Amino acid sequence: MIEFEYLTDKDGKPKMVVIPIKVWQRIATTETVSEAELSEGIEDYCLNKAMDEAKDSALLDRAAALEFLEE
């Protein structure tokens with residue numbers, strides 16, 4: 001699992017996110033990256049990572065899934 005770090009201001013409110021270099025290298029392959037491209041790249045990476053991790057997890061039946069969602 002890839003962990004992101006959050007930098008906070010003096011009041012403890014998140015201001016910035018520090019992403020692992022391998023994530024950055026995957027999404028920033030050109031010199032100029034727009035904010036939208038960066039956002040999409042991070043979202044794509046995270047969704048792909050979640051799908052990869054989901055492959056290794058057990059499937060829930062309908063009742064167990066609903067119970068999990070209620071928590």
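Quick notes on this structure:
- Heavy-atom surface of the chain, accessible at 1.4 Å and reported per residue (Å²): 92 Å²
- Full-stretch length increase - Ala50, Trp24 - with 0.36 nm per residue and alpha-carbon distance subtracted: 7.6 nm
- Only Cα pairs under 8 Å and 6+ residues apart enter the sum, and on that basis the relative contact order of the chain stands at 17 percent.
- Accessible area of the chain belonging to carbon and sulfur atoms, whole % at 1.4 Å probe: 54 percent
- Per residue of the chain, the DSSP helices (runs of n ≥ 4 H) give a summed -39500 (n - 2.57) that works out to -16500 deg cm²/dmol at 222 nm.
- Between helix 35-55 and the chain: long-axis angle, C-alpha atoms, 0 to 90°, nearest 10: 30 degrees
- The alpha-carbon positions of the chain define a convex hull whose volume is 144 Å³ per residue.
The values are calculated or read from the model by the stated rules, or taken from the named source; none is laboratory data. For clarity, every value in this text was computed on a predicted model and none was experimentally measured. Each accessible area value is taken on the protein alone, full model and side chains, heavy atoms only, with ligands, DNA and RNA left out. Shrake-Rupley method; radii C 1.70, N 1.55, O 1.52, S 1.80 Å.
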